[in-house]
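The values are calculated or read from the model by the stated rules, or taken from the named source; none is laboratory data. Everything quoted here is computed from the prediction, not taken from an experiment. Here the Cβ is made from the backbone with ideal geometry for all residues, glycine too, and neighbour counts use every protein chain on show. Just the protein is used for accessible areas: all its heavy atoms, side chains included, with ligands, DNA and RNA removed. Shrake-Rupley method; radii C 1.70, N 1.55, O 1.52, S 1.80 Å.
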Amino acid sequence: MSRLNEENVALAHEIISRYPRKKSALIPLLHVAQEQEGHVTNEAMEHLAELVGVTPAEVLGTASFYEMFKFEPQGKYMVNICTNISCQLVGGEELLHHAEKTLGVRPGGTTEDGMFTLEDVECMAACTEAPCLQVNYRHEYRLDNSDFDKLIADLRAGNRPEIPDHGTLGAVRQHIPADRMAGIESPETAGTPAWFASRTAQSN
Amino acid sequence: MATNAYVPHAAGYVDNEGVKIVSSRFPYEDSYTLERSLATGGYEGMKKALRMAPADVAALVKDAVLLGRGGAGFPAGVKWGFMPPVWPRYLVVNGDESEPGTYKDRLLMERDPHQLIEGCIIACYALGLNTCFLYVRGEMPVAQERIAQALNDAYDAGLVGKNIDGTDVSIDIVLHWGAGAYIVGEETALIESLEGNRGMPRLKPPFFPAAKGLYLKPTIVNNVETLANLPWLMINGSEEYKKYGSERSPGTRMLAISGHVKRPGVYEVEQGKVSFRDLFYGENYCGGITDDNDLKMFIPGGGSAPWFFEEQLDVLLEASEVGPAGSMLGSGAIVVMDETTDAVRACLRVVRFFARESCGKCTPCREGTTWEEKVLQRILDGHGRPEDIDLLLEIGANISPGVYPVAAHPDSGLEAVPFPPKQTTICPLGPSSVAPITSAIRRFRSEFEAKIANGSASEETHELSGTSA
Amino acid sequence: MTATENTEPESPEVDPGVPFTLNGVELHANEGELLISAAERHGVHIPHFCYHPRMTPVGMCRMCLVEVDGGRGPSLQPSCMLPVTPNMIVNTESEPTTKAQDGVLELLLINHPLDCPVCDKGGECPLQDNAYAFGPGESRFVEEKRHYEKPIPISDLVYLDRERCILCDRCTRFADEVAGDPLIHFIDRGSQTQVNTFPEHEFSSYFSGNTVQICPVGALTAQPYRFAARPWDLSETESTSMVDSTGARVALHSSQNRLVRIQGVDSEATNWGWLSDKERFIYEATDSPDRITEPLVRDGSGEPVRTRWNSAIKKAVEALTTASDPRRIGVIGGARLTLESQYAWAKLLKGLGAIDNIDAQLGDGLPADVVMGLPKATIASACAPGGVVVLLGADPKEELPTLYLRLRHAVQSDGVSLIEMSPRQTSFGASVAARLNPLPGSAGQIASALADGMVGTSIGGISSGELTTAHELLTSDRPVTIIVGRGNLAESADVVVSAIAALRRLVPNATFLTALRRGNIHGALEMGLTPGYLPGGRPLGTALAGWEMAPPSAGLDAEGILRAAAQGSLDTLVLLGADPLRDFPDHTLAAAAFERVGTVISIDSFLTASTDRADVILPAAMFGEVDGTFMNLEGRISPVQAKVTSPGQAWPDWMIAAEFAQAAGGDLGFGTLAEVRADISASVPAFADVDWETEGASSDGSVVETGGSIELSLTETAPIPPADDYGLRLVVDRKLWDNGTMISSSASLGDLVDDAVLTLAPADLERLGGQSGQEAQVSIAGGDSHPIVVKADGRIRPGVAHIPFGVNGVQAQELLTAGEPVVDVRVQV
Ligand SMILES: Cc1cc2nc3c(=O)[nH]c(=O)nc-3n(C[C@H](O)[C@H](O)[C@H](O)COP(=O)(O)O)c2cc1C
Ligand code: SF4
Ligand code: FES
């Protein structure tokens, strides 16, 4: 049973309430589903379809468009090595080769112990700190082969507690207290904000 | 502050001399907290704006000629003026930064989220809308955490949400996060994505966001850096703003210089005052090419931009100079490549990016970029055929008909063809894949020919890892 | 607008449209018209794949790029997304245009398999055609093509070959935008993009076959058509679907005298090119082993024995003429006949035989005077932008699916507001403007309250808010169309009539669509196959040459006929393509009737439950085998055409009627189809001017006035019986896939019939202590218990139990009692 658990259903409802249309919440909700299981399961997609009022095919259509959603179990740590141009120039591809050899997997593969999934990825906005990689989307900069080996050793040894398991995005979430919310309305019913009307009238 | 100080807690940022419009708080270790923001003038610009009439705020932005920092460089004030008098309307903040080499919005979001939030409120106020979505690239959890915390604090402090700063003005800012798709940075694709769909661009016309955007309602999409300028602008006014930068491009830009330079980094630089040469060789900036090698080529504005060479070193860093010279300043991403660089390999790498990131909507882009990648890979693998070089150009011409923008090359009599390229596609992603091909083949055709002639001899050394997605 | 400046001075009121130049010729486009369609109208074809005139353009394939100068110099623009603007200069033949089109084609072909010789689409494939017309001869793509598992079934009816797909978004757009069943979707991204379903979720849409028709390549194929024929030995004829009363226009395709395919024809008036899968695939029944191909007469042992036409007819005519009184003869059916055959039978029975116990409806329709006499709307007027539609009938998706697509488009895209007064929630779902699903029996009461403006409080469980919205919509000055039908077979037609009466009081100008589902039912009533009327809606007694024998007073309807039979007062029962044993709502009554009736004569194309009981069985030619005319629910007539010859000795029904007349020593006055038509034109004023021969020239046919001079006086008073302590009031309605003769006889459709499930409101199921999915017992007072699976469904109102009619498992007709205003059932878990 990998539908959203009770806590995540509550979270899903909170997220949905921040959008004028439910379907807009789909990508954040897919992240919630991925956080719960480490990947996005079919059952979770069916559940999300119910929550936002679309078909499972539509959920899959959206989910499969985006690189970060994985539909099969992944390693605990996703190691994404950038090989795009800025990194390529200063050794990104060589780092990837080293990683392939060290971990014994090709990009897309997961080590047998389920610890690491290696990915060969596009620019991760750290180009000046190349070659670089992300572990579960946390950056590591200017790595040479021995830095990489140390990183892997640290991860295996549990020395990087600040890096959460694969699937967890920001550890801090937005919460809008009900009494602080200006109010999200459906595009069909929302109109001109009262303050804008009155202030515009005043200035004329 | 110090010249060229490397700021460890703001990795990548280089604190050089000169005016700081958007990066002034970066040197503070706690620059992202509400306390630091408030202690250093945070939210003062917003408070000032809230005491003005919305139309006056918009007029000020227009007067300042605040050019969009997302790539196209369109003046924000003019874009805002395109909104028809229809409500509801939305502001969508483009924080999907994914252009190869580009790397400044992430710093702005991680290092000073309150500045961005303040900018959003100012824009919402000027535009008369009460719902703003802040779309942050999925692979940037730290930016998301910082913004989430900043929003939570700002809501608690009455700076966002209901009755902002005790006034009647109420505006919500919703943090939204993506999930990995470069094309979603394109504004109509961003809107599709925000509607929960596949991030496939819409055709403009009819879907100009300012008129028919999110939920087909008027929507302004602005880049993070564009909005981050607003607090300073509100406090100091447009006249003061225009004192920096050039007449056509006032203010500063955050430029990321990567690749073969001694001091790569993100610099806040006045527009139109500095040339590429100053930037690469100047002591206040990158301090020269790695190992004092010769420059071979450079990309002046992100992976999508045609390449520049030595002859373009003295072009000034502003859109109106770079465009006529045959490329674009784009998103402020400069990639420097020295003489050791293999032009074919570099070309393949950039093309491969576009092939992997094509949304798949347009036939020329979907099929063309993939084909380009396959042919280039084959050449690099040592199985190239002499006709492949022209084939590459012809596939490119199917995606971008006519003569592709190119930098002048006095030696071969090549004149500059100004930006932008023509396109058979919906959005510029497909045509962007043609930039490295035409740039590299026109300048380094002999390198392609050599690879083809040498055949499989070069296979070992040039193998690219991995499989394309 | 500059358009007006160009207007000729003599005709200032005629707007010539938007001036533009196409390949050097000055032309005009309609306001807002897309360049691609304006060009097509002016005879310039722009190649395209993703564009489809009935769907929102997406500009994906880029095949339709042409050089356009809108004032700022020429550039390549997708003509499928570009409305013509004044003085636009367009060149579809310039070098940049052809280069761009060649380029797109080359790119589309690089991954497309070269399996045209074995592809269903080979020979009629736009990609193939364009490749011959424009494409480069040889591929410059030397790399390996994209590979996928070859055709995968995505539903019972449709196969998908992703290697052939060119990602035009037509099927997926259709599923989402037109059908509202987004069950197929683009999955993955970029060059990996593919169309697919969600794992384990079929593309189960009533409209799935349309995707096969609009797929511009052979990626989607129809299971029934796969390998059935090659395009070059197909021949094609336009016709009108007789599957339901929408009258969708179709093209019949045959190969070697077999129907192998039906495709939708784009009729502006009716189906816009779309078909339901029932309309599309029902042709399979023509080849069914259940076809009756020879006259059969039951011998002394009770076995049907092949015989010759003349002896079978002799036997039938004997049974008719030896009946002691025409009132001891009953005739049921006729809705599947062409107008011409209906007229011939009506004339035979009424005009020669003095029989008026004739009913083409089977107790599941509405009174004939209501059907013929209400002021009629057209589909187009009902769907016109900005109108209000009241749905006082069944879910049109189940009964009249192509009409549903038109209505859905109107509601989704054209600002039409829908007030739902059907007995349960329909497929319009959340897009209805006001939801008033009355409890069985109470539609009249709700409508009266609306008419009286009593909307301040909730009535019969319907909230004041919904009532108020409905009232506002009905009293606004927007045009109102009321769609009436029998949404609940467990409720008498009087309830619907009373609601109609009240709504007419509130909206006197409202027009109506009578949504009766049976194919040519409107023609049948108009031609006189209903008690009390001569053709043209004229009451018995009207003087009409050739019809002098018609009785003076009205005979019995289907229920009356069956009752008479059950009481032993019917000597002969004639079935005109009717199967009351399966189709009449009250099965107990139908069974009793067949038990006691004298001779049964069945004229039919298929062996059915009822033919099993017939003494004389005469083979009728069916749809696809006969020429004739169809009348749809608007009163629109359009031609039905023969494409193949009938198997064995089946005859057209009108010819059988003429033979009957002759055998009885009479003469109907016609011996050819043209003569039947002339007779109709002569005796039915509304048909006086019909030009039968050219009626087929336009796909839209033409609307004729129905109902003659019927003056309706309807009463609003239908008493609502109090609920008994059985508690749940029954709603029984039809599903598209049921055990009807045609579906059961179609190889691919029979399996689509669902099992019966009783649905009820979640609160009711909870109150009964039941679980969704468990088996329960359902019964009516004094009746047997029937086991049935129960499910909770939030769309069912509390107090209601819903069972579909004619599906597998429990037969709802076992629970129905003809003549009762409502039926209450007990459900025991
Ligand atoms: C393929 C493509 C990718 C883009 N990516 C980004 C991006 O990551 N961030 C961004 O701000 N703008 C991006 N843009 C530009 C946006 O479409 C849009 O012009 C910009 O967000 C507008 O903001 P501005 O006016 O403030 O610059 C991209 C455009 C294209 C065509
Ligand atoms: S050019 Fe490429 S990325 Fe842009 S819309 Fe077309 S297919 Fe998508
Ligand atoms: S038909 Fe216009 S882009 Fe496909």
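Odds and ends about this structure:
- Dividing the mean sequence gap of close Cα pairs (under 8 Å, 6+ apart) by how many residues chain C holds gives a relative contact order of 13 percent.
- Separation of alpha-carbon centers, region C:594-667 and region C:506-545, rounded to whole Å: 21 Å
- C-alpha center-to-center spacing [region B:137-181, region B:270-286] in angstrom: 35 Å
- Summed residue charge, Cβ within 14 Å of B:K273's Cβ, Lys/Arg positive, Asp/Glu negative: -3
- Residues whose amide H lies under 5 Å from that of C:L534, counting only those 5 or more places away or on a different chain, are C:L540; hydrogens are built 1.01 Å from N in the peptide plane.
- For region A:128-204, the residue among A:T168, A:A182, A:F148 whose Cα projects farthest onto the positive side of the dipole built from Cβ charges is A:A182.
- Antiparallel DSSP beta bridges within chain B, as percent of all bridges there, nearest 5: 50 percent
- Distant-in-sequence amide H partners of C:V731 (H built 1.01 Å from N, under 5 Å): C:A801, C:H802, C:I803
- By a 1.4 Å probe calculation restricted to protein chains, A:K150 has an accessible surface near 120 Å², given to the nearest 10.
- Prolate/oblate/rounded call for region B:343-457, Cα gyration tensor, a/c under 1.5 rounded: oblate
- Global geometry of the protein assembly as shown, whether rounded, prolate or oblate, following the gyration tensor of its Cα atoms and the 1.5 cut on a/c: prolate
- Simple label model, 7 Å out from Cα along Cβ direction - B:N454 to A:R156, nm: 3.7 nm
- Computed in the context of the full set of protein chains, the accessible area of region A:6-71 at 1.4 Å probe radius has 45% of its extent on carbon or sulfur.
- Orphan Cys of chain A, criterion: no other Cys C-beta under 4.7 Å: A:C123, A:C127, A:C132
- Calculated accessible area for the protein assembly as shown comes out at 34 Å² per residue, all protein chains present (probe 1.4 Å; ligands, DNA, RNA ignored).
- Helix A:92-103 vs. chain A, principal-axis angle (Cα, 0 to 90°, nearest 10): 70 degrees
- Per-pair calculated FRET efficiency, R0 = 22 Å: A:A201 and B:D168 via Cβ, rounded to 0.05: 0.95
- Folded to 0 to 90 degrees: helix A:42-52 orientation relative to chain A principal axis, Cα: 20 degrees
- Counted over chain C, the DSSP beta bridges are approximately 55% antiparallel.
- A Förster distance of 22 Å, applied to the separation of the beta-carbon atoms of B:L414 and B:E394, puts the FRET efficiency at 0.70.
- Rounded to the nearest 10 degrees, the angle from helix A:145-157 to the longest Cα principal axis of chain A is 70 degrees.
- Distance violations [Cα-Cα > 31 Å] among B:K162/B:K273; B:K422/C:K121; B:K212/B:K422: B:K162/B:K273; B:K422/C:K121
- Taking the centroid of alpha carbons for each part, region B:68-82 and region C:776-829 are 64 Å apart.
- Checking the Cα-Cα distances for B:K104/B:K262; B:K20/B:K62; B:K374/B:K451; B:K361/C:K397; B:K262/B:K374; A:K23/B:K79 against a 23 Å cut-off, the pairs over it are B:K361/C:K397; B:K262/B:K374; A:K23/B:K79.
- Sites C:N87 and C:Y148, calculated FRET efficiency, Cβ-Cβ separation with R0 35 Å, nearest 0.05: 0.15
- Summed over both chains, the area buried between B and A is near 6900 Å², taken from the accessible surface of protein heavy atoms with a 1.4 Å probe.
- In region B:20-241, one over the average inverse separation of all distinct C-alpha pairs is 17.1 Å, which is the Kirkwood hydrodynamic radius.
- Charge tally around B:A408: other residues with Cβ under 14 Å, Lys/Arg +1 each, Asp/Glu -1 each, net -4.
- Residues whose amide H lies under 5 Å from that of B:L175, counting only those 5 or more places away or on a different chain, are B:L134; hydrogens are built 1.01 Å from N in the peptide plane.
- The distance between label points at C:R308 and C:T98 comes to 6.9 nm (points 7 Å beyond Cα on the Cα→Cβ vector).
- All other residues whose Cβ lies under 11 angstrom from that of C:A394 are scored, Lys and Arg at +1 and Asp and Glu at -1, for a net of +1.
- The modelled label-to-label distance between C:V703 and B:V19, using points 7 Å beyond Cα along the C-beta direction, is 7.0 nm.
- Heavy atoms of B:K243 accessible to a 1.4 Å probe, total area in Å² rounded to 10: 130 Å²
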